[in-house]
1. Would you mind giving the average projected area, over all directions, of the Cα convex hull of the range 13-86 in nm² with one decimal?
2. Residues of the range 297-326 with the amide nitrogen closer than 18 Å to a label point 7 Å from the Cα of residue 200, along Cα-to-Cβ, please.
3. What nm value, rounded to one decimal, do you get for the distance between residue 327 and residue 21 when each label is placed 7 Å out toward the C-beta?
4. Using a 7 Å offset from the Cα along the Cα-to-Cβ direction at both residue 85 and residue 63, what is the distance between the two label points in nm, to one decimal?
5. Sorted by packing (mean other beta-carbon atoms within 10 Å per residue), highest first, where do 128-135, 112-119 land?
6. Where does each of 327, 108 land when they are ranked from fewest to most other beta-carbon atoms within 10 angstrom?
7. Going highest first, how would you order 197-208, 17-28 by mean Cβ packing within 10 Å?
8. If R₀ is 51 angstrom, what is the calculated FRET efficiency for the pair residue 158 and residue 71, using the beta carbon separation as r and rounding to 0.05?
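Read-outs: derived from the displayed coordinates by stated rules, not from any lab. The model shown is predicted, which means the values in this text are computed figures rather than measured ones. All Cβ positions, even for glycine, are placed from backbone atoms using ideal geometry, and neighbour counts span all protein chains on display.
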Ligand SMILES: [Zn+2]
């Protein structure tokens, strides 16, 4: 997926300090299991000490020079540097876009109506303060809708729900999939959510994209292609799936960078994650899911009611979408 492979032959090794000082990675290390994860905002690299393979973003397994665990210390192949520093940078947007255009943006504020989504309950000035995910995401969705319509009058901008309405997941994806665009045009699917955690200290934003291992169902049907060979249909579907995944990753990265630019100095950037939830899985288009913040953290819950902060979140997503479109259509 990231188009880089590691050579398992003679390798220079770095100490953990050397590796971390030259990347923005953090390490989670389970000494008992001999298992570790190097995480950057763009890439998750999982490894077992002394095993000649690694896993990228929990999905892509590849052969690699092994991490050495020696005398209680970890040593990393120098080739990991390139992976951690350049994750995804090698993807060539021009090849992917191939003359296509973004014709429409589908914004989907999650939940609504009888489905409040995540709920935060906090005590503020001695009284109960309640915050519902459905309200936060509707607010940001409406702001984003207005902004995108102003900036892109020649594109379809659609908001799945305009008010506090309940929509099933099927209704949302069907609305997006039913949008009519030409063959050389794409729809972007931006799902908005807010987070909850038992750990009330958890804060920050994150952006999810679809795992390449999760099938989106049959994207290319026999009827559409006039192809009768099931094996060929399966190959076409795999290619389309990979293309959608790469586009989703690029959109996710762009939006994550956008959010980092507007709120990254206020809250943690929790990075890019792989999604396998229904709402994104069945959208047959580049799709991301933005988690705006945690309603379960008191400070963040309060922030998520401030128009200023909601505007910043909106601008972050907008900047990311705008950057993606600019790169895509360049
Ligand atoms: Zn949600």
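1. Working: hull surface 17.5 nm².
Taking the Cα atoms of the range 13-86, their convex hull projects to 4.4 nm² on average.
2. 297-305
3. Label at residue 327, label at residue 21, 3.1 nm between them.
4. Here the modelled spin labels are 2.5 nm apart.
5. The densest-packed peptide leads the list: 128-135, 112-119.
6. Lowest count first: 327, 108.
7. Going from most to least packed, we get 197-208, 17-28.
8. 0.30
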